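First comes the structure, then the notes that go with it.
The values are calculated or read from the model by the stated rules, or taken from the named source; none is laboratory data. If you're wondering where the values come from, they're calculated on a predicted model, not measured in any experiment. In this analysis, Cβ positions are derived from the backbone assuming ideal geometry, glycine residues included, and neighbour counts consider all displayed protein chains. In case anyone asks, the SASA skips ligands and DNA or RNA and just uses the protein heavy atoms, side chains included. Shrake-Rupley method; radii C 1.70, N 1.55, O 1.52, S 1.80 Å.
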Amino acid sequence: MLTLSIFLLDGCWGSQLMAILDFVAIYRLVAAEYPDATEIDVRLCGRAGGQVVLGNGLPMPVEAWPAAAGSNQLVVVPGIEYGQLRRVLNDTSIDRATLRAVVAAGSSMLSVSTGAFVLAESGLLDGREAVTHRRFEAPFRKRYPAVRLKSGIEFVDHGAVCTAASLTGAIYWLARQLQARGNHEAVSRCLVLTQQDSSLAAELWLADTFEHKRHSDDGIVTVQHFIDTHYADRFSIAELAAMIGASESSLKRRFKAAAGIPVTRYHQLVRVARMKYLLLNSDASVDNLCFDIGYADPRFARRLFVEMTGLSPKAYRQRCELG
């Protein structure tokens, strides 16, 4: 049994809580078809038993924060509505030592958007890279100079302590945690269903790229985001290099060193990821989808898709529909 403890404070965004619960509900429905799938138990926890009031004014019952944790417990700290965040951070009744103890006991912990303020306040992010909601990066940097705040990426993984800029990163983290416990097929189907609900994670289709953004080269992050948003366009290595004031050879070298794959391969990865999404969310023909993601030759796009996914576009669509 995997326990997911969601640490709620007054002012937490109800939309984030509900989206995480929705993802867990989808996983449970899918996992029911797999006898060996990991079961997941959700606990809504606060500083003490009773209730908290979410940012939308909804009261939410919570149980006391667990006295002990272990390697099979995940902890999520959702974001807090910024108007209430300062009051929460100045609340001396929040037991920051408990947060540190939970991580030390072996749990994996994730903050979502402004939830990073809570982890930073406890000292858990000192000396680490982290992300938060992009609108609140400036006050975060001012308050926590010991944290190396990153911009323009969705997720930062430090093993036991991770941070996500939005729900997309949170869903990605939960999926990875479940896959690490052997639930690959169930989680894959769960992600397919989740991607069909844009309210859960609008940018989840880019999850295949997250592993290649776990680096510290801000220039390469800039290039990656350009590719993410202009995947269907044609552009040269020279144009990408000019964006960050680098030579072509320097860009190729830096990109491979940072992302682990060549820049051209990254572009292909993004296009195939987008095609996977469109296959599940569009009735358009495969040839038209090949054109939509930027390939003038559908035969090449089909071969690339097979190479990167192990399935033809038609088979991928059919498998997911049958699932």
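Label sites at Ala25 and Glu239, each approximated as a point 7 angstrom past Cα along Cα to Cβ, lie 4.4 nm apart. If only the Cβ of Lys and Arg carry +1 and only the Cβ of Asp and Glu carry -1, the dipole of the stretch 182-322 around its Cα centre is close to 460 debye.
Charged side chains reduced to their Cβ positions (Lys and Arg at +1, Asp and Glu at -1) give the stretch 131-263 a dipole of some 520 debye around its Cα centre.
For Ser285 and Ser247 in the same chain, what is the full-extension length gain: residue separation times 0.36 nm, less their Cα-Cα distance, in nm?
Here the segment from Ser285 to Ser247 would lengthen by 9.7 nm.
The spacing between the stretch 127-178 and the stretch 229-271, judged by their C-alpha centroids, is 24 Å.
A Förster distance of 41 Å, applied to the separation of the beta-carbon atoms of His158 and Ala232, puts the FRET efficiency at 0.75.
Spacing of the modelled spin labels on Tyr34 and Val53, each 7 Å from Cα toward Cβ, amounts to 4.2 nm. For the stretch 229-323, the percent of C-alpha pairs falling in each 5 Å distance bin, counted from 0 to the bin holding the largest distance, reads 3, 13, 22, 21, 14, 12, 9, 5, 2, 0. Set against the 2.2 N^0.38 Å expectation for a compact globular protein, the stretch 184-280 has a Cα radius of gyration ratio of 1.16. Seen from every direction in turn and averaged, the convex hull around the alpha carbons of the chain projects onto 17.1 nm². Say the dipole of the chain comes from +1 at the beta carbon of Lys and Arg and -1 at that of Asp and Glu; which of Gln195, Phe140, Thr3 then lies farthest toward its positive end? Towards the positive end, the residue furthest out is Phe140. A Cβ-based charge dipole, computed about the Cα centre of the chain with Lys and Arg at +1 and Asp and Glu at -1, lands at about 740 debye. You can think of it this way: the chain between Glu63 and Arg299 has 79.3 nm of extra reach, that is 0.36 nm per residue less the Cα-Cα gap. Over the stretch 74-163, all Cα pairs binned in 5 Å intervals from 0 give whole-percent P(r) values of 3, 15, 29, 28, 18, 7, 1, listed from short to long. Net charge in the neighbourhood of Phe226 (other residues with Cβ under 12 Å of its Cβ; Lys, Arg +1, Asp, Glu -1) is -3.
At a Förster distance of 22 Å, what's the computed FRET efficiency of Asp292 paired with Ser188, Cβ-Cβ distance as r, to 0.05?
0.40
For Trp13, Trp65, the ranking by accessible surface with the largest value first comes to Trp13, Trp65, using a 1.4 Å probe.
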